[in-house]
Amino acid sequence: MTEMTWELLTKVYDRIEAEMMKAALEALKIPVELAQESVGGTIPVSFGKFAEIHIFVPKEKLEEAHVWLETYTNDEFETEEEEE
């Protein structure tokens, strides 16, 4: 069995945003792991190192994830209503 190597895609400071990004990437069949300092998950912290949530993806999916992230960051997603 091949061991998966994870690479850092990005860091965010909002747990809800991290979970939404994870769901979107997983919908594209890109596995995601979220990592945060343990105190950040227990005590609500919105700044500094304890608030950082690291989003990791498999090394072989990093380029695909970066393309998605660029689109997400630039808010370039189109809805069906916008296309009409």
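The values are calculated or read from the model by the stated rules, or taken from the named source; none is laboratory data. Every value quoted in this text rests on a predicted model; they were computed, and no experiment measured them. Every residue, glycine as well, gets a Cβ built from its backbone with ideal geometry; the counts of neighbours run over all protein chains shown.
With the structure loaded, tell me whether Thr10 is touching a helix residue (DSSP H, G or I) at 6+ places or on another chain (Cβ under 9 Å), surrounded by fewer than 12 Cβ atoms within 10 Å (Cβ to Cβ), at pLDDT 85 or above and β-branched (Val, Ile, Thr) or whether it fails that test. Here the answer is no, as Thr10 does not meet what is asked. Scanning segment 13-25 for residues that are under 18 Å from Lys61 (Cα atoms) and surrounded by fewer than 12 Cβ atoms within 10 Å (Cβ to Cβ) turns up just one, Ala23.
For segment 45-68, the condition of being at pLDDT 95 or above and of a type in the set (Lys, Arg) holds for at least one residue.
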